[in-house]
1. What order do you get for Ser83, Ser168 when you list them from fewest to most C-beta neighbours inside 10 Å?
2. Of the beta bridges DSSP finds with both residues in the chain, what % are antiparallel, to the nearest 5?
3. Taking 8 Å as the Cα distance limit and 6 or more residues as the minimum spacing, I'd like the relative contact order of the range 68-192 as a percentage.
4. Quick one: what do you get for the range 231-295 if you divide its Cα Rg by 2.2 N^0.38 Å?
5. Given a cut-off of under 8 Å on Cα pairs at least six residues apart, what relative contact order in percent is computed for the range 231-295?
6. Working from the pairwise distances between different alpha carbons, so that the mean of 1/r is found and then inverted, what is the chain's Kirkwood radius in Å?
7. Using only Cα atoms, locate the centre of the range 85-114 and the centre of the range 1-40, then give the distance between them in Å, rounded to an integer.
8. Given +1 on the Cβ of Lys and Arg, -1 on the Cβ of Asp and Glu, and no further charges, what dipole in debye does the chain carry about its Cα centre, rounded to the nearest 20?
Amino acid sequence: MSSVLVVRNLKKVYGKKKPFTAVDGISFSLEEGEILGLLGPNGSGKTTTIQMLLGTLSITEGEVLYFGKDFVRHRSEILESVSFASTYTSLPGILTVEENLEVIGRFYGLSPSESERRYDPLLERFGILEKKKKRVGSLSAGQMTRLMLVKAFFTQPKVVLLDEPTASLDPDMAQEICQFLLEQREKNGLSILFTSHKMAEATKLCDRAIFLRDGKIIANDLPMNLAKSTGGFRLRLLIPDGMKRATAIAEERKFSHTVEHRTIEISLDEREISSFLTALGKAEVQYANIRIEEPSLENYFLQISRRKK
């Protein structure tokens, strides 16, 4: 794969008397046909990064290249192939849905009829075709989010920057959007930079995940690898009788564990689950309500969010 976006030592500092560094010298790339997650707690620098990649915020230091071209020098040309959607942005409320989309289409050299041919199927898929003649100001938050996605995709970009695109959507529509993004990647080789606080969604979508904290990259890896780094599986059991014997077995095997009333939760490797349960049986420990929790990106997210600076 070739890189469609390369970020080198990107930095954003606000203020002069008391400077605040929102993004602190980050470097990464987005490959052709890749969905890359830009993740992290609130205030970690995700949205600031996206805004610099769009040119709506000036860059303090660093370099951004799209398709091998410097973004500062070739911004207008590059933005013909780059689009953006966010839950937190909107379009002029006094114009109708179709009027807004027609204006945007003209920016990309599309006639009104060509724009309509492209955006109508997307409006229908996202369940807002009947709102086509309505003013944007009358749309709900969820409908506005879906319209922003239509705006981002009907121009047929090569790179899409998405800032929490499903934050205000119902679960069924959020799932539909995720499926749409995967289809766009498979059919059109689209490259997507995606921010979200929904780790299950990020796990499903992202080929690779970058985590930011305090404006710095602290991880850049496959979602599966980041999840596994949190310490393996968690086994939770209700033990009506034999808790002392169960904890003794966990301690003997040096498994991290916690006990709350009649429930024990053990952290262990997936391969050790069967032998641990067998040992409980041999020790005549009664157990029930088995729950096995796989390592997840959610665990990793919580781990870095709680980590002291």
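1. Numbers: Ser83 23, Ser168 17.
Ascending number of Cβ neighbours within 10 Å: Ser168, Ser83.
2. Working: 38 of 55 bridges.
Within the chain, antiparallel bridges account for around 70 percent of the total.
3. Details: 146 pairs, mean separation 43.7, N = 125.
Contact order relative to length: 35 percent.
4. Numbers: Rg = 10.4 Å, N = 65, 2.2 N^0.38 = 10.7 Å.
Taking the Cα Rg and dividing by 2.2 N^0.38 Å, one obtains 0.97.
5. Dividing the mean separation by the residue count of the range 231-295 yields 55 percent.
6. The Cα-based Kirkwood calculation yields 22.0 Å.
7. 28
8. That gives the chain a dipole magnitude of about 1080 debye.
We did not get these values from a lab; they are worked out from the coordinates using the rules stated. The structure presented is a predicted model; accordingly, all values stated were derived computationally and were not measured. Virtual Cβ from ideal backbone geometry, glycine too; neighbours counted across all protein chains shown.
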